[in-house]
Amino acid sequence: MKIGILTFHRAINYGAVLQCYALKETLSALGHDVYVIDYRQPYVEANDRHSFTGRERLKLLLGFHLRSFLYYNKEKNKREERKKRFDHFLNEYFKLTKPCNLHNLPHDFDTIVVGSDQVWNSKICNGIDPVFWGMFKREPKTKLVSYAASTTLADLTRHWDNGVSESILNFDKVSVREKDISDYINSKQVLSVPSLQVLDPSLLADCSIWDKLDDPSKSQSREDYVLYFSARPCKHRPNVLKEKAERFARLLGGIKTTTIDFDKDSPEDFIRKFKHAKAVFTSSFHGVAFSLVFNRRLFAVMYGDEQDMRYVNLLRLVGGEQFLVDCDDDTELYEDIDYAYINEKLCDLRNNSINYLKEI
C-alpha cells in the first residue's frame, strides 16, 4: 500500500521530526511504501523557517541601528544552521513528495495518514488548518485516517461548533493521542466508528530505529550526566529544571548536567542525549516519551498549565505517575525505578496501536 503522512515534518522541533520518523519507520516495517507529504504549513513555515532578508538588514543599517543589525545577522546565521541540521535529517531519513500546499496536494495514495503531533491545535496552526482536517480533494479510493492527532481539550471544544464537528467526518478512521480528546469526540456521537486513543509514534516504534540514529563513535567514553530539557518556560521559576537537575547530580556524586543545545544539536544528538542520560528532568511531552523509550530515571515537571496534560495523560496511561513532579516541590524521591510494569503496559498499548495501523 502507498501511504502518505501529513504532519509537522518541517517544524524546527525535535519531537515533531522524530515522531514523523517513527511513524514512517513503523508503517514501512508493516510492508507499506511510505512517503512524507511535503506540505508547507503556512504558520509553521513563517515561525520556524523565517529568513532574515537582505532588505530587512539594509533597513536596519540605513536607520543606523548597527547593534540591531549585528544581533539579527548573528541570529540569522543561527537559524540557517538549525535549518541545515533539520533539513539534513529530512533528506536522510524521509521519502518526501514535491513541496505542496492545500491546492496541489498529491493524490496518488491508497491512504493518507494525518498525524501525529498537535496538528489539530489551532494555536500552533494559527487557526483550523484545512489540510490537517481533511478539507482537500482526494481520489475516491484514497482513505483518510488520523493517527495520534493531538490538541488540547480547551482548543477542541472552542472550535467544535465552528467547523470541526463537520470536518472530522472527512476521516474514515480517527485516532488521537489523549484520552480526554477521544472521550470528547465519542461523547458527540458523530462518528460511525468511535475514535481510539493510541500511542505517540515515538513510543510505537521498535528501539532498533533509534539505535540507527546513535553514532557509536559519539557514544564512547561518555561521561555520566543528568539531562534537563524544557519545552516551554515556567513563568515563576524560569530555571526550575536546571536547579532540580543540578541538585540530583550532586546526589549522584557530583556528575555534570547538560541540556539540549538548540543552536548545535541535531535530531540525532537529541536522541543520543536521552539514550545515555543517567536521569532526565523535562517539561516536554517528547522528553517524557523518549525517557520512557530508553527507561531513564525521569522527573516530568508540571508547571500547572494546560500543556501539563499532554504528558500527565501519557504517564497515567502507562502507570508512570510516580514520575510526575510539581515544579515547586523540591522533595522528589530519588530511588531507582523498576520499569518492568511500565514496559509491560507499553507493550500492550503498542500492540493495540499497531493493530489500528494494520487496519488502515
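Bear in mind these aren't lab numbers, they're just calculated from the coordinates by the rules spelled out. Here the structure is a predicted model, which means the values were calculated and not measured. Every residue, glycine among them, receives a Cβ derived from its backbone with ideal geometry; neighbour counts consider all protein chains shown.
Here is how the numbers come out for the structure above:
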quantity: Rotationally averaged projected area of the chain (alpha carbon convex hull; nm²); calculated: 20.0
quantity: Interchain or long-range residues, amide H under 5 Å from residue 360's placed H; calculated: none
quantity: Within-11-Å neighbourhood charge of residue 112 [Cβ basis; K, R +1; D, E -1]; calculated: -1
quantity: Structure-based [θ]222 nm, the chain - -39500 (n - 2.57) summed over DSSP H runs of at least 4, per residue, nearest 500; calculated: -12500 deg cm²/dmol
quantity: Bridge type composition, the chain - antiparallel percent by DSSP, nearest 5; calculated: 0
quantity: Highest-first arrangement of 244-254, 286-296, where packing means the average Cβ count within 10 Å; calculated: 286-296, 244-254
quantity: Net charge of Cβ neighbours under 13 Å - reference residue 254; Lys, Arg +1; Asp, Glu -1; calculated: +1
quantity: Length-normalised contact order of the chain in % [C-alpha pairs under 8 Å, at least 6 apart]; calculated: 15
